[in-house]
Structure formats: structure tokens, C-alpha cells
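Enquirer: Take this structure, written in C-alpha cells, and hold onto it; I'll ask about it next.
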Amino acid sequence: MTKISSFLANYSVLLLVVNVGTIFAQPLVPALFIFGDSVVDAGNNNNLETIVKANFKPYGRDFIKHKPTGRFCNGKLASDFTAENLGFTTYPPAYLSEKAKGKNLLIGANFASGSSGYYDSTAEIYNTISLSKQVHFYEDYQKKLVGIVGTSNASSIISGAVYFVSAGSSDFVQNYYVNPLLYEKYSTDQFSDILLQSYTNFVQNLYKLGARNIGVTTLPPLGCVPAVITIFGEDSNECVEKINKAAISFNNKLNTTSQKLQSKLSSLNLVVLDIYQPLHDLVTKPTDYGFFEARKACCGTGLLETSILCNAESPGTCKNASEYVFWDGFHPSEAANKILSDDLLAAGISLIS
């Protein structure tokens, strides 16, 4: 099959998937489970003693009812759009929230936690939920699910669900590059290997618990994030290439590691979802996608603010976030998330077809 015919075939399936989901309003998979960091945290950090939170204005100002939920965004996350693309009419609840009970758990759950990652100490620094601990919460979830629908139905939900993982960014930006105990001891390649061993353990543990359809995102172009340019850019407004190169190197290893896991674990469908190139395109060619600004974020000065630094009193916050690729110093805007989620759906079509 040629590349063009392959693309057309995937595109046709994609259209069919979206249309079927729209016509019948029936989810294409029984449940969606989300793991990772602040890019996909739907509010778990609200219930932790941590400074890494987003449950206050102006976060959520463009979300449903214009209220903050704990999402590190002005509106919907890429994972929210993914849930919609899969046909869900509501989003998997943050597992530590009051909504995570009873029938609300039948569509899955969100275990993600801002400032967490593959490396356990990253979460420990910020008192958030590491990926290994998120798996423990998922085990607890399974027990609750069995109590709601019984063992047989729970097994069907677990095996048929899609598992979405987005992690690694905090390990580098909020730990490795600012922590001399790490960057003086390990090269970026060595640190990547440590993270990938944790990733391997994570996937194997999910597999043992019944997960079969797992999509994992690559690292984004970390060197193009506004706060990273401000902190590490040496007075330049350009992407920090050495950090982008480290992300590319990690992503190449992630692909190799995932291929090995795929061949080792029977019936596992493990798909690496490239987030690097789509976001890099938005940053380097913003006007091609309808954006006005890619260097500065919407919140505050747009150069650094995130979490508690991005608040209702932050001077200069933009009026229209849809013109900005980034909402705060680290996180994409809802408008950017919509574009990224469409790319994720196209790349991850094999998870649902």
C-alpha cells in the first residue's frame, strides 16, 4: 500500500469513526483512562497539599460554565477533546474528585496529576501523584468497578477501554534541568534511559491489570514552551534547541522501547502518539493555524506564569485566548488543544479500529 492510499484509508476510517459517534451518540470504546501530568490533569491536584494547582481564575474561564476545575488551561484539554471524539458526552472524572463514584466511573477515570512523571521523585518534590502511584489508584478503581457491574462486565470494560498516557515533560523541565543532583550526575541520554525504564514498568503493570489499548504521547518540543525559553533561552526569543534535541532523542527511544514492549506482550496494542511535530508546527507557523502569538502565553506577561503565578490578578492577561498557542507559560490553550487532539485521533486510529 502506498503512503497516499494508506493515508486515504486511515482518513476514511477516521471520518467513519467520527460520523458513527455523532449519529448514534454511542462511545466507540467502553471507557477511557487517563494517566500523566498537568497536560491531562482534570482536577486531581485540587485535593492535594501542593502549590501546583489550577482551581482558581482565570483557569477554566472558557470551560463549561466558565468555572475553574483544576485543568491547567483556559478551557478543554486535548484529552477532553479526545473523549468527545470517542463519543463520550461527559469526561472521565478526576479520580480524587467527588464525582468519581458510582455510575460516573463506568466511562473510566482520570488519574493524572500536575508536576508528576515517570520518575517518582518528580512527583515527590511537588507532593503530587507519580505514575506508579496512579497505577495503584487504578487498581483501587478496578475494585470499585467490580462492585458496580460485577467481575465479567468489569473485565470487558477494562480490556476494551483506551488508555491515554502523557508524561515526561515535568521530569525534564521541573526536575532534571533545575536539579543539580540530577543534571550533574546524569547526561540527558542517561536520564532518558531512567525514565524509559519507569515507562516500561508502567506499561507492564497496566498490561497485568488488563489494559490492551494504550496510547502514549511523545514529549512536546519542550524548548519552545514560553517559560522554558524565558528561563533557559539566554535572552533569546527562539526555541531552546538543546532542550528540543533532548526531547527528540527521548522520543526516538520511546518509539524503540514501545516496539519492544509491543512484541513482548501478546495482544497489546501500544501506539506512540507524536505530539512533538504538531505542536512545533503551531509554534513555528502560528498564523498558518489561525494563531496570533506563539512566544508569549495568554496569562499575565505570557513569559513565565503558570499555576499560582497565573491568577485573577495577573496583569496583562489576554482577552481572547484562542489567538494564543499557549494559555500559560507551560500549557497549550484550548484552541491549540483542539488541533492537537485531532492529530492524536488520526495517529491513534488503530486503538479503536
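The values are calculated or read from the model by the stated rules, or taken from the named source; none is laboratory data. It should be emphasised that the depicted structure is a prediction, and the values quoted were computed from it without experimental measurement. Cβ: placed from backbone, ideal geometry, glycine included. Neighbour counts: every protein chain shown.
Enquirer: Just one of the numbered conditions (1) surrounded by 17 or more Cβ atoms within 10 Å (Cβ to Cβ); (2) assigned to a helix (DSSP H, G or I); (3) within 21 Å of the chain's Cα centre (by Cα) is not true of T230; which one?
Expert: Tallying (1) surrounded by 17 or more Cβ atoms within 10 Å (Cβ to Cβ); (2) assigned to a helix (DSSP H, G or I); (3) within 21 Å of the chain's Cα centre (by Cα), T230 fails exactly one: (3).
Enquirer: Might you check whether a residue that is at pLDDT below 95 and buried (at least 23 other Cβ atoms within 10 Å of the Cβ) occurs anywhere in region 327-342?
Expert: Among the residues of region 327-342, not one is at pLDDT below 95 and buried (at least 23 other Cβ atoms within 10 Å of the Cβ), which makes the answer no.
Enquirer: Could you check, for region 66-81, whether at least one of its residues is crowded, with 18+ Cβ neighbours inside 10 Å, touching a helix residue (DSSP H, G or I) at 6+ places or on another chain (Cβ under 9 Å) and assigned to a strand (DSSP E or B)?
Expert: no
Enquirer: Let me ask something else. Exactly one of (1) surrounded by fewer than 20 Cβ atoms within 10 Å (Cβ to Cβ); (2) in a loop (DSSP other than H, G, I, E, B); (3) modelled with pLDDT of 95 or more is unmet by D235. Its number?
Expert: (3)
Enquirer: List the residue pairs whose Cβ atoms are under 6 Å apart, where the first residue sits in region 278-305 and is within 10 Å of F326 (Cβ to Cβ) and among the basic types (K, R), the second is at pLDDT below 95 and surrounded by fewer than 17 Cβ atoms within 10 Å (Cβ to Cβ), and the two are 6 or more positions apart or on different chains.
Expert: As it stands, the answer is R295/N237, since those pairs meet every condition given.
Enquirer: Taking D120 as the residue in question, decide whether it is charged (D, E, K, R) and buried (at least 20 other Cβ atoms within 10 Å of the Cβ).
Expert: no
Enquirer: A further question follows. Please determine whether any residue of region 154-174 is more than 21 Å from the chain's Cα centre (by Cα), aliphatic (A, V, I, L, M) and under 17 Å from Y207 (Cα atoms).
Expert: Yes, region 154-174 contains at least one residue that is more than 21 Å from the chain's Cα centre (by Cα), aliphatic (A, V, I, L, M) and under 17 Å from Y207 (Cα atoms).
Enquirer: Please go through region 203-226 and pick out each residue that is closer than 18 Å to T284 by Cβ and assigned to a helix (DSSP H, G or I).
Expert: L222, G223, C224, P226
Enquirer: Can I ask one more? Only one of L282, L270, L303 is in contact with a strand residue (DSSP E or B) (Cβ under 9 Å, 6 or more places away or on another chain) and over 23 Å from L196 (Cβ atoms); which?
Expert: Going through L282, L270, L303 in turn, the sole match is L282.
Enquirer: Further question: Could you check region 245-262 and list, in sequence order, the residues that are within 17 Å of P221 (Cα to Cα) and either among the β-branched types (V, I, T) or crowded, with 20+ Cβ neighbours inside 10 Å (or both)?
Expert: A246, A247, I248, F250, N251, L254
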